[in-house]
Every structure is written in C-alpha cells, then in structure tokens.
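Novice: Dropping the structure in here first, questions after.
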Amino acid sequence: MKISNVEVRDLVKTYGSPLYVYDQTMVEDKMNLFKKYLKCPELDCDVIYASKAFNCKAMIQLVSKKDCSLDVVSGGELYTAYATGFDMSRVYFHGNNKSIDELNMALKYKVGTIIVDNLMEARLLSELAKDIDYTVAILLRVNPGVEAHTHEYIVTANIDSKFGISVEKKEDILDLIHIISSCPNLSFDGFHAHIGSQIFDKQAFVLEVNKVCEFVSNLGIEVSTLNFGGGFGAVYTDEDTPIPVDVVCDTLIQAVKSNVEKYALKINKICIEPGRSIVAEAGSTVYTVGFMKETPHKNYIFVDGGMSDNIRPALYQAKYSCVIDGKEDEMPSKHYKIAGKCCESGDVIIEDAFLPEVKPNDLLIVKTTGAYGYSMASHYNKALGLPVIFCKEGKSQCVIRRETYDDLIRLENDL
Ligand SMILES: Cc1ncc(COP(=O)(O)O)c(C=O)c1O
C-alpha cells in the first residue's frame, strides 16, 4: 500500500515499526476545502484548526501555510505554537481551568483571542491584563443547550456541563461581560459554542446557530463575532457518513445569514474550529504483526503497539478499519481480533476485523488514526512514543522522531 505515493513497507524499512504516517497532501487539501467554502461576502470567516486533534511543530507550520488560525487549550499547545513561530495574533486560547501561569504566558506571547470559560476566569484575566500593552479579543464560551452525537442531536438544559456558561444564566453572562469590558485591554467580541464531535446531521449545526443567535438577540447587546466550534466528522468505517465540507460550511453560513436578518444582528465575523475532520483520515498507524493465537471464539493478532498509541477504542469503543499491506485486493476470509502489547485486557485496537489470511511480520495498517491518536498517546508500560512521518508526492519526512529508552527516563532522578 502507498501513502501519498510512498510504499508503506519502505517507510518501515527506513523508520522502523510501529509508525504514525500522515498523507500531508490530504491534510493540506482539507484545510484548502474549509478555507474555500467558509466564505461569504457579508462576513469575515476564520477557519481555526483545533490543534488538540494533532499538535506538533510541522502540523502548526501547515496551518500557517494554509492561512488558518490555531485553537490551543493548554500551556503546552500554546508553547508549541510560539516555539514554531506561529502568528500569535491568530491563536485562540481555550480551556475551562487555565492557570495563572498559562494566562500570563498567553498575554506575554500576545495571543489574539482568549475564550473565557467562566466568571472566575474573567475576574482573574481582567486583573492580569491590566498592565499589558495590547488588546486581547475575548469570546465567552456559552453552552447553548444543544448536544450533538453522530446521528442525533438533542436539546437539553445541559446545566451541568464543565464547559462554558449556560445561555440560561443571563445575569452571570452580563456580569462577566461587564467585568471584561471594564478592563481597557480586553475587548469583548462575542461568543463561542461547541456542541459535540463526529456530527453527521447538519440540522444539529443549524440548531446551534439558531440557539446562539436567539440568545444574542435576547441578551440585547451587540457583538461582532460568533465561533461555532468543531465537530465535523471523519470516515473511520463504512458506516460513517460525514457531511461534506462544502455542505456543512454552506449550512452554517446560510443559518447565520438568516438569523442576522431575523434578529437584525450586527455580526461581522464567524469562526469554526475543525480538528478531527482535518487530520483524522490523513493519518494511519502502521504496525507489524507479531504473535498470533486462537482461542475458542477468537483469532488474535498481536501488534507491536496498542492502547499506548491509540486509546480511543479502550476509552470510548471507537471503531476502526484496517488493511494488510500487499493484501488489499485479496478476499477477506477470517475474522480477527487485533490486540496490542500492553498489559491490559482492554488493549484492543479492532474487535472484529474481517481480513485475508494474516501471517506474522505482515504490516497491518489501521486507517483514520490522524486525530486524537498521537495527541492522546501515553507511556503506559513505558511504551516508546511512535515517530510521525509525513508523506507527500512520493517523499517522506520524519516530523517527530521515535522516542528512545533514554528519553523515557530522562526526567527521572535516583533515590
Ligand atoms: C472547543 C472545541 N473546539 C473544537 C474542537 C474540535 O472538535 P473536532 O475535532 O470534533 O472537530 C473541540 C473538541 O473537543 C472543542 O472542544
């Protein structure tokens, strides 16, 4: 199998196994699509890559090259953006519990926008921002009472979410805006909402826009910016049918336009924060098959990675599909359970993969691991961090090297 015209077996010869491999062209194309379709003459539109999906210097450089903005949620993601030389005025800093150090770091780096999550943060930030020499745009994360899952969306009071302030809490929201607006270096620009992930029903986004706009209108203040978050889907298995980028962008734009008209809103900027949909399908994990065993009900394939490089199946029963290198066109003949090498029964990558006959040393390629794979990886069992390889037009480049055993103990002190 080739990834962006590079043979996977050559990648393993060069960089070893296991590996995360990204088709760089696919990542760039996805950002191009969002940029192309989130456009409308009446509104300023910003595509903000949600870097929690996959954050490293090379990825941030691609975001910059494609003229997108960047969403970060921690000091670490913030620092990586800064160290990469990303334009900090295009950084949106999220988080429900940002520390004083993180907020000070954001102000020192002159981050463009901070998404404030709660009243305590607003009070702290207005103190910290007293002496800065620039203006930070502030969005407030609100909870519009819409929750979207893959195939359904529900309207809930959702008063217990850890993120944001419920739109029902009008007094708290007005208080917060007053606190922000009283600080001359903070400019209250509008609201942010994020309703879920892997959303396949465009009506969920329409409902989100309707709820947020209705709330803005009821609040009775003018705001310039609305950010509708991420949640756009990716194909993990044949069952997944994400909304095409052109359709989802058009849906959002039309919904905003009709609400602007309905409520005579003064909105002039909208933002979205795609994460998964930009990187998921472009990424694959390449493993080598090791031991195999048959139990009364299962044919096990053990691979040389596992939950330490992909926690999603264990964490929330995420489903994946895979192929065996060189056997992509062979008829599947056997059901396999693909398990990793971690010391945990739940260390399963795919519960039931229907594949051609598999042999030890075959290369097994798990698809669509580009989002929340590397970024959620752990050192469980002191597993070494996998390298990340970018492939483009027949060439490969290592953008994160494999960890060594020395890397694993470099922070440790003797007793
Ligand atoms: C505030 C916010 N924006 C964007 C995203 C990205 O979501 P996705 O990767 O589903 O597009 C998330 C994901 O958790 C989020 O919490």
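The values are calculated or read from the model by the stated rules, or taken from the named source; none is laboratory data. This is a predicted model, so every value here is computed, not measured. For neighbour counting, all protein chains shown are included, and Cβ atoms are generated from backbone atoms with ideal geometry for every residue, glycine included.
Novice: Scan the stretch 231-252 and report the pairs whose first residue is more than 23 Å from Ser284 (Cβ to Cβ) and whose second residue is at pLDDT 95 or above and assigned to a loop (DSSP other than H, G, I, E, B), with Cβ atoms within less than 6 Å and a gap of 6+ or a chain change.
Specialist: Note: pairs meeting the criteria are Cys249/Leu38.
Novice: How about the stretch 54-76: which of its residues are more than 14 Å from the ligand (Cβ to nearest atom) and either of a type in the set (S, T, N, Q) or touching a residue at least 60 places away in the same chain (Cβ under 8 Å) (or both)?
Specialist: Within the stretch 54-76, the subset more than 14 Å from the ligand (Cβ to nearest atom) is 56-58, 60-62, 64-67, 75-76.
Cys56, Lys57, Ala58, Gln61, Ser64, listed by residue number.
Novice: Those residues that are more than 22 Å from Leu226 (Cα to Cα) and away from the ligand (no atom under 16 Å from the Cβ), I need them from the stretch 77-101; list them, please.
Specialist: Tyr79, Thr80, Tyr82, Ala83, Thr84, Gly85, Phe86, Ser99, Ile100, Asp101
Results for (1) in a strand (DSSP E or B); (2) in contact (Cβ under 8 Å) with a residue 40 or more places away in the chain; (3) away from the ligand (no atom under 16 Å from the Cβ), shown as yes or no for each residue.
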| position | (1), (2), (3) |
| --- | --- |
| Lys337 | yes, no, yes |
| Lys341 | no, yes, yes |
| Ile350 | yes, no, yes |
| Glu357 | no, no, yes |
| Gly370 | no, yes, no |
| Val399 | yes, yes, yes |
| Glu403 | no, no, yes |
| Leu408 | no, no, yes |
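Novice: Just one of the numbered conditions (1) assigned to a loop (DSSP other than H, G, I, E, B); (2) surrounded by 19 or more Cβ atoms within 10 Å (Cβ to Cβ) is not true of Leu415; which one?
Specialist: The number of the failed condition is (2).
Novice: Mind counting the residues in the stretch 44-80 that are closer than 19 Å to Asp246 by Cβ and crowded, with 17+ Cβ neighbours inside 10 Å? It would help to see each step written out before you state the result.
Specialist: Taking the stretch 44-80 first, the residues closer than 19 Å to Asp246 by Cβ are 45-49, 66-68.
Now narrow it down to the ones that are crowded, with 17+ Cβ neighbours inside 10 Å: 45-49, 66, 68.
Residues flagged as closer than 19 Å to Asp246 by Cβ and crowded, with 17+ Cβ neighbours inside 10 Å within the stretch 44-80 amount to 7.
Novice: Additional query: Need pairs with beta-carbon distance below 9 Å; first residue of a type in the set (Ser, Thr, Tyr) and modelled with pLDDT under 95 and within the stretch 26-53, second in a helix (DSSP H, G or I) and crowded, with 19+ Cβ neighbours inside 10 Å; sequence gap 6+ or separate chains.
Specialist: none
Novice: Take the conditions in contact (Cβ under 8 Å) with a residue 12 or more places away in the chain, among the hydrophobic types (A, V, I, L, M, F, W, C), under 27 Å from Val216 (Cα atoms) and within 16 Å of the ligand (Cβ to nearest atom) and apply them to Val136. Does it pass? Reasoning before the result, please.
Specialist: Working: in contact (Cβ under 8 Å) with a residue 12 or more places away in the chain: yes; among the hydrophobic types (A, V, I, L, M, F, W, C): yes; under 27 Å from Val216 (Cα atoms): yes; within 16 Å of the ligand (Cβ to nearest atom): no.
Taking the combined requirement at face value, the residue does not satisfy it.
Novice: Oh, and also: Please work out which residue is surrounded by the most Cβ atoms within 10 Å (Cβ to Cβ), limiting yourself to the stretch 189-234 and to residues that are more than 14 Å from the ligand (Cβ to nearest atom), part of a loop (DSSP other than H, G, I, E, B) and not acidic (Asp, Glu).
Specialist: For the stretch 189-234, the residue satisfying everything is Val223.
Novice: For the stretch 216-226, state whether one or more residues are over 18 Å from Asn259 (Cα atoms), touching a residue at least 40 places away in the same chain (Cβ under 8 Å) and charged (D, E, K, R). Don't jump to the end; show me each part of the working.
Specialist: Step one: filter the stretch 216-226 for residues over 18 Å from Asn259 (Cα atoms), giving none.
No, every residue in the stretch 216-226 fails to be over 18 Å from Asn259 (Cα atoms), touching a residue at least 40 places away in the same chain (Cβ under 8 Å) and charged (D, E, K, R).
Novice: Suppose we filter the stretch 30-44 for residues that are under 22 Å from the mean Cα position of the chain (by Cα) and away from the ligand (no atom under 16 Å from the Cβ); how many remain?
Specialist: Step one: of the stretch 30-44, the residues under 22 Å from the mean Cα position of the chain (by Cα) are 30-39.
Filter once more, so that each one left must be away from the ligand (no atom under 16 Å from the Cβ): 32, 36, 39.
Within the stretch 30-44, residues that are under 22 Å from the mean Cα position of the chain (by Cα) and away from the ligand (no atom under 16 Å from the Cβ) number 3.
Novice: Residue check: is Val47 under 19 Å from the mean Cα position of the chain (by Cα) and within 19 Å of Ala137 (Cβ to Cβ)?
Specialist: Values: under 19 Å from the mean Cα position of the chain (by Cα): yes; within 19 Å of Ala137 (Cβ to Cβ): yes.
It is true that Val47 is under 19 Å from the mean Cα position of the chain (by Cα) and within 19 Å of Ala137 (Cβ to Cβ).
Novice: Can you pull out the residues in the stretch 150-165 that are at positive phi and either more than 16 Å from the ligand (Cβ to nearest atom) or at pLDDT below 75 (or both)? Spell out how you get there, then give the answer.
Specialist: Taking the stretch 150-165 and keeping what is at positive phi, we get 158, 164.
Hit for the stretch 150-165 is Asn158, nothing else.
Novice: Need at least 3 residues that are surrounded by 21 or more Cβ atoms within 10 Å (Cβ to Cβ) and touching a strand residue (DSSP E or B) at 6+ places or on another chain (Cβ under 9 Å) per element, so show me which strands (runs of 3 or more DSSP E) inside the stretch 119-177 make the cut, counting only ones lying wholly within it.
Specialist: Result: 136-143.
Novice: What pairs come out if I take residues in the stretch 98-109 that are over 11 Å from Leu128 (Cα atoms) and pair them with residues that are aromatic (Phe, Trp, Tyr) whose C-beta lies under 7 Å away, six or more apart or interchain?
Specialist: From the stretch 98-109, the pairs are Tyr109/Tyr82.
Novice: Looking for whichever is away from the ligand (no atom under 13 Å from the Cβ), outside any helix (DSSP H, G or I) and among the β-branched types (Val, Ile, Thr) here; the options are Val47, Val21, Val12, Val27. Which one fits? If you could, list the steps in order and put the result at the bottom.
Specialist: Values: Val47 fails: away from the ligand (no atom under 13 Å from the Cβ); Val12 fails: outside any helix (DSSP H, G or I); Val27 fails: outside any helix (DSSP H, G or I).
Of the residues listed, the single one that is away from the ligand (no atom under 13 Å from the Cβ), outside any helix (DSSP H, G or I) and among the β-branched types (Val, Ile, Thr) is Val21.
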